[in-house]
């Protein structure tokens, strides 16, 4: 086996294509996905407050439902900015369709940005471990949300999202497991895909969506 190619700090389209080919050389199951569907999409998002709110909305609901809610609320308040979200207050956000819990989370995120407690540009520029700690300290932001932000918005190459049901389902199918693997089993399987676990995740999401 050839030595792994060094991963860049931020994934680009050429890097994803090259990583997908490298993963296919290492793993026959990923090779089958690549042969069937081609290189995975970028699925990138713009770093910043709006994307973090969108990720909070995606917690425990479908991607389509979260996208609809995100668009509806954004249109109702004049855009998903910290100032607009903070101006609504949790009760108004709840009336616009958020659960009380998510309304509180989103309002808290907006206040953190406005009060200078959260600088998402600095999170993106800085050390990843420190940035993760900053995000995890916020109410409503757990490991899955942080992982998705780092994978999709900051486009880090070696992130394996914790607690992602679609990835667990895809892994069970692709690896012919009897049941969906828990996070520890997923990490063990994905270890051989470093430093391109974000690209492996994209391939598996591609499999999941193409079933």
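Any idea which residue in the range 189-211 is nearest to the chain's Cα centre (by Cα), counting only those that are in a helix (DSSP H, G or I) and surrounded by fewer than 16 Cβ atoms within 10 Å (Cβ to Cβ)? Among residues in the range 189-211 that are in a helix (DSSP H, G or I) and surrounded by fewer than 16 Cβ atoms within 10 Å (Cβ to Cβ), the one nearest to the chain's Cα centre (by Cα) is 209. Among the conditions (1) closer than 16 Å to residue 139 by Cα; (2) out of contact with any helix residue (DSSP H, G or I) (no Cβ under 7 Å at 6 or more places or on another chain), the only one that residue 82 does not satisfy is (2). Looking at the range 37-44, is at least one residue assigned by TED's automatic domain parsing to the domain that holds residue 173, without any contact (Cβ under 8 Å) to a residue 40 or more places away in the chain, at positive phi and not in a helix (DSSP H, G or I)? Yes. Can you find a residue in the range 47-70 that is touching a residue at least 24 places away in the same chain (Cβ under 8 Å) and more than 20 Å from residue 141 (Cα to Cα)? No - not one qualifying residue is present in the range 47-70. Tell me, which residue of the range 61-85 that is more than 21 Å from the chain's Cα centre (by Cα) and surrounded by fewer than 19 Cβ atoms within 10 Å (Cβ to Cβ) is nearest to residue 45 (Cα to Cα)? Looking at residues that are more than 21 Å from the chain's Cα centre (by Cα) and surrounded by fewer than 19 Cβ atoms within 10 Å (Cβ to Cβ), I get 79. Residues in the range 163-188 that are over 19 Å from residue 145 (Cα atoms) and surrounded by 18 or more Cβ atoms within 10 Å (Cβ to Cβ): 170, 171, 174, 181. State which residue is farthest from residue 192 (Cα to Cα) when the search covers only the range 25-36 and only residues that are free of Cβ contacts under 8 Å to residues at least 60 places away in the same chain and surrounded by fewer than 14 Cβ atoms within 10 Å (Cβ to Cβ). Within the range 25-36, the match that is farthest from residue 192 (Cα to Cα) is 35. Note on the range 86-106: among residues that are within 16 Å of residue 141 (Cα to Cα) and free of Cβ contacts under 8 Å to residues at least 12 places away in the same chain, the one that is surrounded by the fewest Cβ atoms within 10 Å (Cβ to Cβ) is 100.
The rows are residues; the columns are (1) in the same structural domain as residue 202 (by TED's automatic domain parsing); (2) part of a loop (DSSP other than H, G, I, E, B); (3) in contact with a strand residue (DSSP E or B) (Cβ under 9 Å, 6 or more places away or on another chain).
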{"residue": "34", "(1), (2), (3)": "yes, no, no"}
{"residue": "93", "(1), (2), (3)": "no, no, no"}
{"residue": "98", "(1), (2), (3)": "no, yes, no"}
{"residue": "103", "(1), (2), (3)": "no, no, no"}
{"residue": "109", "(1), (2), (3)": "no, no, no"}
{"residue": "121", "(1), (2), (3)": "no, no, no"}
{"residue": "131", "(1), (2), (3)": "no, no, no"}
{"residue": "135", "(1), (2), (3)": "no, no, no"}
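The values are calculated or read from the model by the stated rules, or taken from the named source; none is laboratory data. Predicted, not measured: the structure shown is a model, and the values here were computed from it. Virtual Cβ from ideal backbone geometry, glycine too; neighbours counted across all protein chains shown.
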